[in-house]
1. Any chance you could count how many residues in the range A:278-315 are under 26 Å from A:Pro436 (Cβ atoms) and of a type in the set (A, V, I, L, M)?
2. Can you tell me which residue in the range A:88-101 is surrounded by the fewest Cβ atoms within 10 Å (Cβ to Cβ), limited to those that are touching a residue at least 40 places away in the same chain (Cβ under 8 Å) and part of a helix (DSSP H, G or I)?
3. Check the range A:147-154 and report whether any residue there is touching a residue at least 12 places away in the same chain (Cβ under 8 Å), within 14 Å of chain B (Cβ to nearest Cβ), under 23 Å from B:Lys30 (Cβ atoms) and not in a strand (DSSP E or B).
4. Any idea which residue in the range B:123-162 is nearest to B:Trp47 (Cα to Cα), counting only those that are of a type in the set (Asp, Glu) and in a strand (DSSP E or B)?
5. Pairs only if they're at least six apart or on different chains, beta carbon under 7 angstrom, first in the range B:12-34 and within 14 Å of chain A (Cβ to nearest Cβ) and touching a residue at least 24 places away in the same chain (Cβ under 8 Å), second of a type in the set (Ser, Thr, Tyr) and open to solvent by less than 30 Å² (accessible area, probe 1.4 Å); list them, first residue then second.
6. Give me the pairs, please: first residue somewhere in the range A:102-124 and closer than 12 Å to A:Tyr80 by Cβ, second residue anywhere and of a type in the set (Gly, Ala, Ser) and open to solvent by less than 10 Å² (accessible area, probe 1.4 Å), beta-carbon distance under 7 Å, and either six or more positions apart or on two chains.
7. Enumerate the pairs (first residue in the range A:244-264 and away from chain B (no Cβ under 14 Å); second residue anywhere and acidic (Asp, Glu) and open to solvent by 30 Å² or more (accessible area, probe 1.4 Å)) with beta-carbon separation below 7 Å, excluding pairs fewer than 6 apart on the same chain, so at least 6 apart or on different chains.
8. Counting only residues that are closer than 19 Å to A:Val209 by Cα and open to solvent by 40 Å² or more (accessible area, probe 1.4 Å), give me the helices (runs of 4 or more DSSP H) lying completely in the range A:24-84 with at least 2 of them.
Amino acid sequence: MATTAFEPVISTAWGTPQSWTMDAYKKRGGYQGLAKALELTPAQIIDEVKKSNLRGRGGAGFPTGLKWSFVPKDNPKPKYLAVNGDESEPGTFKDRNILTHDPHMLLEGIAIASYALNVHTCYVYLRGEFKFPAERLNQAIKEAYAAGIFGKSLMGKDYALDCYLVRGAGAYICGEETALLESLEGKKGWPRLKPPFPAVVGLFGSPTVVNNVETLSSVPHVFTRGAAWYAGLGTDKSGGTRVMCLSGSVNRPGVYEVPLETTFNQLIFDDKYGQGLPAGRKVKAVVPGGSSAPILSPDELDTAMEFEALKVKQSMAGSGGVIVMDDTTCMVRSLWRIARFYAEESCGQCTPCREGTPWQARILRKIEEGRGEPGDVEQLSNVASSIAPYPPIGLGNTICALGDAAALPTHSFLMRFRDEFEAHIREHRCPFGDKPWGAFGDWS
Amino acid sequence: MAESLFTPEEQKKFDTEIAEILSHYPADRKSAAMLPALRLMQDIKGWLPPEGLKLVAQVLGVTPERAYEVASFYVMYHLKKPGKYVIDVCTNLPCALRGAEKMLAHLENKLGLKAGEANERFTLRETECLASCGTAPCLQINEDHHESLSRAKLDELIDKLS
């Protein structure tokens, strides 16, 4: 458990004047982590990151230092760093804040990682819809070139480093690391089979590390304050803090940086965070880590929002997107919305996902609109199982995890709210009528 | 081909910016510049006309079919000329929980269009997540983001569009 008093790491500067500029960043100690890292050898930098227990913040939670150590040293090809800023998982909106308020923190992380990995070209891949964050990041990149961070000489060292921003064009699948690489190569985002993993055969056939925006933004702090300090903020297996995104039926949705041992109940009800639900409303279900994460029941909300604790609950911490549904929310309609997303975003490469995701959405729409028939729930369950059986998590029938992501919500909604699906079919209508969305669904 | 596609100013912008884009990639990997090159073409022309796709393909040394394959995969490229204002409304779960379905219905009434339809002035689309779940409901007009939209705020926003 944490050995150091909690203090925010990632969100410290959000909302402060001109927080996105190089001047403001340097005034709050920016780029000192890079200076310290450059006194070390690349191998020592990777060791420090391993000691910090930093785990990837994109969804899978893989240890970052270990990922960096997979890049082969003896491969003569150029090495690449690809930053994953394709934040598109419903419920997740943290990277957007980092890019908007503190882009230099990411750039400092990029510089440290690049030096450690012998990378001379880094591509930051942002989702296409992020126009404003892209403008802020582009401005920061220009400042970093002018300040001698990027360019021919990394902070005076004989080390050239270029950093380019590439905007996607609206495809959720490009957040999957190999689809991201395909997209960076100018193709449609079709995920690649693994192995080989990108660390060995990645961008342009070269060794490539793909890291999430929040992951790399955490790296400077490992060097500014030390790996032990960073590790001490977290749990035994995971260092640092978590930046959680809270949305749905809560009084104060938003992005909150919290200690890893914080529970869902604290995030939802604490005055510092979500401030609970409107009077008279209770939690019905919570999506714990982006739309693909299996839902939790109200009696499971004393669980910590960290990787290991959620694995025990057969769910996942994912990308940190917590969506709260109150007791007047229709679960069939909620699942239909999620299913539509995966049907829309399936890249079409694997048959179970291409055919199964729209099939799920069609059955759900039929049930929600009161046209459901006996056997529909079983068929829905069968279709989901054809995409990815449940459990276990992560062993679906498709090349990438989008198949798992599309099937897991169906399995978990059916497991916990099967009676609601059956009531829709029995009554030939949605029991929630035209008010299926809970406390805040009546927009005005 | 290019002469009829671009005005002289547009040609200058394309030539300058495509050279900058290509400089970001290894010399033997020009085709990697496909997404930024298509974006540049769309920025200039407002959409991707067939001649524009052919020009991008030619500059990148690939077939026009390859450019079309990529352009048709991503939702932000317009292969048909859209309305002056492309409105993307997020109706995914977090936005739906904050009233996005009713907001879309209001917008459909106001514009006289169903989601998926277009006229010269507006293209109205339902979209899947704009990463504004904490400030839902939200939408995008062309590439500009608008969030925490009340009915009054939305009406004001739409009424201001020329």
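1. Of the residues in that region, 9 qualify.
2. Quick first cut of the range A:88-101, residues touching a residue at least 40 places away in the same chain (Cβ under 8 Å) only: A:88-95, A:97-101.
Cutting the leftovers down to part of a helix (DSSP H, G or I) gives us A:94-95, A:97-101.
Values: A:Lys94: 27, A:Asp95: 31, A:Asn97: 24, A:Ile98: 27, A:Leu99: 26, A:Thr100: 18, A:His101: 20.
Among those residues, the one meeting the criterion is A:Thr100.
3. Initial filter on the range A:147-154 (touching a residue at least 12 places away in the same chain (Cβ under 8 Å)): A:147, A:149-150, A:154.
Subsequent filtering for residues that are within 14 Å of chain B (Cβ to nearest Cβ) retains A:150.
So of that shortlist, the ones also under 23 Å from B:Lys30 (Cβ atoms) come out as A:150.
If we keep only those that are not in a strand (DSSP E or B) too, we end up with A:150.
Yes, that holds for at least one residue.
4. Narrowing the range B:123-162 to residues of a type in the set (Asp, Glu): B:126, B:128, B:143-144, B:147, B:155-156, B:159.
Okay, now just the ones that are also in a strand (DSSP E or B), so B:126, B:144.
Working: B:Glu126: 19, B:Asp144: 17 Å.
Here the answer is B:Asp144.
5. Hits for this filter: B:Ala33/B:Tyr25.
6. A:Cys122/A:Ser114; A:Tyr123/A:Ala82; A:Val124/A:Gly85
7. A:Thr263/A:Asp302
8. Details: elements: A:32-37, A:42-51, A:64-69.
In the range A:24-84, the matching helices (runs of 4 or more DSSP H) lie at A:42-51, A:64-69.
The values are calculated or read from the model by the stated rules, or taken from the named source; none is laboratory data. These figures come from a predicted structure and were not determined experimentally. No Cβ is skipped: glycine too gets one built from the backbone with ideal geometry, and neighbour counts run over all protein chains shown. Just so you know, the surface numbers come from the protein's heavy atoms only, side chains and all, with ligands and any DNA or RNA stripped out. Shrake-Rupley method; radii C 1.70, N 1.55, O 1.52, S 1.80 Å.
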